[in-house]
Amino acid sequence: MMIFGKVAYPVSKMFEVPPAWKKIDFSELRGTISVIGAPDTGKSTFIQYLYQNLRAHNRLTAILDSDPGQSSLGPPAALTLIIEKFSSGEEPQRLTLRSFIGSTTPVGHLLNMVVSVSRLARAAQQAGAEVVLHDTCGFIDVRRGGLALKLAQIDLLMPNCVYAIQRADEMEPLLVPLRRSRRTKVIDIQAAPAARRRSHPVRQAHRARRFADYFGKAGVLQIDWNQLAVFPYPGFSLHRLAALEDDQGFALNLGIIIGIDQEARRLTLLTPQQSLKQVRTLHLGDLEVNIKTFQDRLSPLAHA
Ligand SMILES: Nc1ncnc2c1ncn2[C@@H]1O[C@H](COP(=O)(O)OP(=O)(O)OP(=O)(O)O)[C@@H](O)[C@H]1O
Ligand SMILES: [Mg+2]
């Protein structure tokens, strides 16, 4: 389902533009462009710079935010695609689509990460995006699957180029084989001196702000769970984060369980979703989200 709505631009901040960024020829950029790097190297800021310039060049540009932790475009635990349409004399219109991961880390969710990126990339292509800016998470730990995830995403999306942002040589275990494989063009960029490392509490607070923004206008929705497919199985607990998905697996909206009636087989959700008309699946995540502070923590049912 592709509905273009009014545009609310991502928060645009002033940022330092290093010389390497200034050399980019925006008329040359097309297809998928992936940006990879360790945490806090400035990937999302660089994506924002590319996006602003591509918009100024009137290119039909999409951003695929594939970071379920420090999301820049929507609530954490989901991947978000935005694509904007411009037509002369009219206000730009934006399409937003999400795919639910249910966790703020790809660990334990690598298959879903790849499927979700694929689902959103296909939607960007169907919507006619000329350029897809693919933002990635900073998860680059080889032993825990970080390398496999990056390679799988590159094989899937076949980006025209990969911008690799490094402070030193921390990405080389991934980049050496990637350069030799010639699967894509790797462009090296030094992390901007202004890129700041964020502590664990700062990252947690960022996620809580994102959830608070997302659930700010949420209402209450009751669902009869016998009417829906429930993934992975109907194990409910208060404050568990879930997604209401359509028949193609896109997350129509996220919700937090605030009531469970076992007898009536009914759940009450805090969610911006107003109707169950298009909802086919309730996809339960690994997280609990506090409805006052919007801080998240692992649900005791996550690995049950
Ligand atoms: N060029 C820049 N000018 C000013 N500030 C920057 C610049 N690049 C990064 N920063 C700041 O550094 C911090 C980290 O940047 P950013 O969020 O872009 O990194 P990231 O690599 O996307 O991080 P993550 O791995 O968590 O997604 C942010 O506070 C951001 O505002
Ligand atoms: Mg980022």
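The values are calculated or read from the model by the stated rules, or taken from the named source; none is laboratory data. Nothing here was measured: the structure is a model prediction, and the numbers come from that model. Every residue, glycine as well, gets a Cβ built from its backbone with ideal geometry; the counts of neighbours run over all protein chains shown.
The set of residues in segment 149-195 that are assigned to a helix (DSSP H, G or I) and over 24 Å from Gln125 (Cα atoms) comprises Glu172, Pro173, Leu174, Leu175, Val176, Pro177, Leu178, Arg179, Arg180, Ser181. Check whether at least one residue in segment 269-280 is touching a residue at least 60 places away in the same chain (Cβ under 8 Å), surrounded by 15 or more Cβ atoms within 10 Å (Cβ to Cβ), not small (Gly, Ala, Ser) and not in a loop (DSSP other than H, G, I, E, B), and report yes or no. No, every residue in segment 269-280 fails to be touching a residue at least 60 places away in the same chain (Cβ under 8 Å), surrounded by 15 or more Cβ atoms within 10 Å (Cβ to Cβ), not small (Gly, Ala, Ser) and not in a loop (DSSP other than H, G, I, E, B). Taking segment 49-68 as the range and being surrounded by fewer than 21 Cβ atoms within 10 Å (Cβ to Cβ) and within 12 Å of ligand 1 (Cβ to nearest atom) as the test, only Tyr49 passes. If you check Arg143, Arg122, Arg94 for being out of contact with any Pro (no Cβ under 8 Å at 6 or more places or on another chain), away from ligand 2 (no atom under 16 Å from the Cβ), in contact (Cβ under 8 Å) with a residue 24 or more places away in the chain and of a type in the set (D, E, K, R), only one passes: Arg94. Among the residues of segment 200-209, none qualifies, meaning not one is assigned to a loop (DSSP other than H, G, I, E, B) and either over 20 Å from the mean Cα position of the chain (by Cα) or within 30 Å of Gln166 (Cβ to Cβ) (or both).
The one condition from (1) away from ligand 2 (no atom under 13 Å from the Cβ); (2) within 29 Å of Pro232 (Cβ to Cβ); (3) buried (at least 23 other Cβ atoms within 10 Å of the Cβ) that Thr32 does not meet is (2).
Taking (1) modelled with pLDDT of 95 or more; (2) in contact with a His (Cβ under 6 Å, 6 or more places away or on another chain) in turn, Phe26 satisfies each apart from (1).
Restricting attention to segment 189-211 and to residues that are touching a Pro at 6+ places or on another chain (Cβ under 7 Å) and within 15 Å of ligand 2 (Cβ to nearest atom), the residue that is nearest to Leu287 (Cα to Cα) turns out to be Arg207. Within segment 39-67, track down each residue that is assigned to a loop (DSSP other than H, G, I, E, B) and within 11 Å of ligand 2 (Cβ to nearest atom). Within segment 39-67, Pro39, Asp40, Thr41, Gly42, Asp67 qualify. Could you check segment 250-268 and list, in sequence order, the residues that are surrounded by 22 or more Cβ atoms within 10 Å (Cβ to Cβ) and small (Gly, Ala, Ser)? Selection gives Ala251, Gly255.
Quick check on segment 110-122. Is at least one of its residues more than 16 Å from ligand 1 (Cβ to nearest atom), touching a strand residue (DSSP E or B) at 6+ places or on another chain (Cβ under 8 Å), small (Gly, Ala, Ser) and outside any strand (DSSP E or B)? Yes; the residues of segment 110-122 include at least one that is more than 16 Å from ligand 1 (Cβ to nearest atom), touching a strand residue (DSSP E or B) at 6+ places or on another chain (Cβ under 8 Å), small (Gly, Ala, Ser) and outside any strand (DSSP E or B). Considering each residue of segment 116-129 in turn, at least one proves to be surrounded by fewer than 17 Cβ atoms within 10 Å (Cβ to Cβ) and within 19 Å of Ile36 (Cα to Cα). Mind listing whichever residues of segment 10-23 are surrounded by 15 or more Cβ atoms within 10 Å (Cβ to Cβ) and part of a loop (DSSP other than H, G, I, E, B)? Hits for segment 10-23 are Pro10, Phe15, Pro18. Among the conditions (1) more than 17 Å from the chain's Cα centre (by Cα); (2) in contact (Cβ under 8 Å) with a residue 12 or more places away in the chain; (3) surrounded by 15 or more Cβ atoms within 10 Å (Cβ to Cβ), Ile187 misses just one, which is (3).
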